[in-house]
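Peer 1: What follows is a structure written as structure tokens; I'll ask about it next.
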Amino acid sequence: LPDPCQRFTAIGELVDEQAEQVEMALGFHPWRRSVAYLDTGETDIHPLIPHLEFIKDKKHWGAPFRFGFLEIQRADFLRIKEAMTGGRK
């Protein structure tokens, strides 16, 4: 088996408050939001875990990611953004 991906691979901010339902396949109609993705590289999550407030249980850090959509506080977003961009705007 390949190694699990334990990296942040993309980061973006929601553009608006609207959600739209789209048809991906017969009977599959997920909801989508408009996102402005930043031009970044990937970054390992492990050095960030102790500093991210949304990860309450540092031992079981993967739990918040189980559901696909995750809203985090601005401070955590900026910390992840800094790690992914190396400080670039």
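Peer 1: Which whole-number value in Å² is the accessible area per residue of the chain, probe 1.4 Å?
Peer 2: Normalised by residue count, the accessible surface of the chain is 81 Å².
Peer 1: 5 Å is the cut-off here: which amide hydrogens, built 1.01 Å from N in the peptide plane, fall below it relative to residue 34, excluding neighbours closer than 5 in sequence?
Peer 2: 15, 16
Peer 1: Can you tell me which of 19, 36, 63 moves the most in a GNM of the chain? Springs connect C-alpha atoms under 10 Å apart.
Peer 2: Per the Cα network of the chain with a 10 Å cutoff, 19 tops the list.
Peer 1: Running a GNM on the chain with Cα contacts under 10 Å, which residue among 71, 20, 42 ends up with the highest mean-square fluctuation?
Peer 2: In the Gaussian network model the winner is 20.
Peer 1: Count the net charge of all other residues whose Cβ sits under 15 Å from the Cβ of residue 6, scoring Lys and Arg as +1 and Asp and Glu as -1.
Peer 2: So the environment of residue 6 carries a net charge of +1.
Peer 1: While we're here: Given an 8 Å cut-off on Cα distances and at least 6 residues of separation, report the relative contact order of the chain as a percent.
Peer 2: Over the chain, the number comes to 27 percent.
Peer 1: Also: Work out from phi, with θ = phi - 60° and the Karplus expression 6.51 cos²θ - 1.76 cosθ + 1.60, the ³J(HN,Hα) of each residue of segment 36-50, listed in order in whole Hz, and give x for Gly and Pro.
Peer 2: 9, 7, 8, 7, 9, x, 8, 8, 5, 6, 4, x, 8, 3, x
Peer 1: Still on this model: Using the alpha-carbon atoms, what tilt in degrees (0 to 90, nearest 10) does helix 74-85 show relative to the longest principal axis of the chain?
Peer 2: Compared with the principal axis, the helix lies near 80 degrees.
Peer 1: Using each residue's phi in segment 12-17, evaluate 6.51 cos²θ - 1.76 cosθ + 1.60 at θ = phi - 60° and report the 3J(HN,Hα) Karplus result to the nearest Hz, with x for Gly and Pro.
Peer 2: x, 10, 5, 7, 8, 9
Peer 1: Count the DSSP beta bridges whose two residues both fall in the chain, then state the antiparallel fraction as a percent rounded to the nearest 5.
Peer 2: Percentage antiparallel, nearest 5: 100.
Peer 1: With only Lys, Arg, Asp and Glu charged, each at its Cβ (+1 for the first two, -1 for the last two), find how big the charge dipole of the chain is about the Cα centre; round to the nearest 20 debye.
Peer 2: 300 debye
Peer 1: Picking from 55, 15, 28, whose Cα lies most toward the positive end of the charge dipole for the chain (charges on Cβ: Lys, Arg +1; Asp, Glu -1)?
Peer 2: So the residue we want is 55.
The values are calculated or read from the model by the stated rules, or taken from the named source; none is laboratory data. The model shown is predicted, which means the values in this text are computed figures rather than measured ones. No Cβ is skipped: glycine too gets one built from the backbone with ideal geometry, and neighbour counts run over all protein chains shown. Areas reflect the complete protein model, heavy atoms only, side chains present, ligands, DNA and RNA absent. Shrake-Rupley method; radii C 1.70, N 1.55, O 1.52, S 1.80 Å.
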